[in-house]
Every structure is written in structure tokens, then in C-alpha cells.
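The values are calculated or read from the model by the stated rules, or taken from the named source; none is laboratory data. It should be emphasised that the depicted structure is a prediction, and the values quoted were computed from it without experimental measurement. Every residue, glycine among them, receives a Cβ derived from its backbone with ideal geometry; neighbour counts consider all protein chains shown. Protein only, heavy atoms only, side chains kept; ligands, DNA and RNA dropped before computing areas. Shrake-Rupley method; radii C 1.70, N 1.55, O 1.52, S 1.80 Å.
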Amino acid sequence: MAVLPIRSVPDSVLKQKAKKVPAIDGSIKKLIRDMLETMHAEPGRVGLAAPQVGVPLRIIVIGMPEEEDLVLINPQIVRRRGERIIDEGCLSVPGYFGQIKRAESITVKGRDRDGKEARLKAEGLLAQALEHEIDHLNGTLYIDHPEVRETLRKIQPEEIGL
Ligand code: NI
């Protein structure tokens, strides 16, 4: 296992649309283990998408406090409900923080690390983290959302670990 360096803006890998994972082979499993280790390398990180470690593939990991780690391969948001304005930051945009419009709850489907179909409904921080990480797979950073531009401000690095 290895802690991988985090890519940050303006790295072009962050702007690419990541490719679907065709099969969960040994190299994908290793990448997932490394992503989990990288996410847990600093306290407060709650999610990571493969493009953030330089790999343009559709894989995300989520580590909610007190919860088991969540790995989703080829995730898709199938339903969004409600709307709220919340604070958000990103490891790949160090030192900043802004306010974004996110769903109240979402339903996501994808595959787990064994390739089994997974479907989950999420709200609160988990829903936010899932939306944020799935945005990464589409080459979208939270600062690309138009409403964030107006509220963007400087913070201590990694105050918010998305
Ligand atoms: Ni991020």
C-alpha cells in the first residue's frame, strides 16, 4: 500500500472526464487500497476520487467518521432530492472554501470493490461527499459551480477534507 500524492489545480487530470472501469482486476484493487490509505493519511479527509491521485478512472472512496469505508466503482447518481447551500472544500483546491448548492438527499448506484451491484440512498455529509466525488469523475471541481465563485474564501489547508 502507498500514500499517493494528491493532484491539485491546475493539473489537467482534474478536468478530464474519467473512464469507466471495465473490470476489477488486481491493479484496480491495488489502486483502491492506495486510495483508501491516501484518504486516511490525514485526519478529516472524507472522500477521494481516482483523478485526484492522477488516475482518470471512475472510482471513488468515502470515509465518514465512525463509518465503514465506502468504495464505489462506476458510480452514478440516479436521483437527487431537495436543495441546500453548504460549505465545501477540496483537497485538490488547497486553502479555499466556498458555499455550494447541493441536494438534500441522493440515490447512487455503482459497484462495490468486489464488483457487486451497490445502490444507496444518502443524506447530509455523505450525500455531499458522494456528489463532490462523482463531480470529480466528470472533471468538475466544486469551484466550477457558478454560485461558489461569489463565496470563495481562504481557509487553513484541509479544514474541509473533500
Ligand atoms: Ni475534491
Taking a 1.4 Å probe, which of TYR96, TYR142 shows the most accessible area, and what order do the others take after it? TYR96, TYR142
Which whole-Hz couplings ³J(HN,Hα) result when phi for each residue of the stretch 126-134 is put into the Karplus expression 6.51 cos²θ - 1.76 cosθ + 1.60, θ = phi - 60°, listed in order with x for Gly and Pro? 5, 4, 4, 5, 5, 4, 4, 6, 5
Highest first, please rank the peptides 111-119, 52-60, 34-42, 12-20 by the mean number of other Cβ atoms sitting within 10 Å of their residues. 52-60, 34-42, 12-20, 111-119
The chain - mean residue ellipticity at 222 nm from DSSP helices (-39,500 (n - 2.57) per run, n ≥ 4, rounded to 500): -6000 deg cm²/dmol
Backbone HN-Hα couplings from phi across the stretch 97-105 [Karplus 6.51/-1.76/1.60, Hz, Gly and Pro as x]: 6, x, 10, 10, 8, 10, 6, 6, 8
Residues whose built amide H sits under 5 Å from the amide H of GLY47, excluding neighbours closer than 5 in sequence, are GLY63
Per-selection Rg to Rh, the chain - Cα, Kirkwood hydrodynamic radius: 0.93
Grab the beta carbon distance between GLU42 and GLU83, set R0 = 45 Å, and tell me the FRET efficiency rounded to 0.05. 0.90
Derived scalar couplings ³J(HN,Hα) [the stretch 109-118; Karplus, 6.51 cos²θ - 1.76 cosθ + 1.60; whole Hz; x for Gly, Pro]: 10, x, 10, 8, 6, 9, x, 7, 5, 10
Say a paramagnetic label sat at a point 7 Å from the Cα of SER105, along Cα to Cβ; which residues of the stretch 68-93 have their backbone N under 18 Å from it? 77-85
Anisotropy class of the stretch 68-116 from Cα gyration tensor, a/c 1.5 cut: oblate
What's the local net charge at ARG113, with K and R +1, D and E -1, over the other residues with C-beta under 10 Å away? +1
On a straight-distance basis, which aspartates and glutamates could pair with LYS109 in a cross-link, Cα separation under 14 angstrom, same-chain partners fewer than 8 positions away excluded? GLU117, GLU131, GLU133
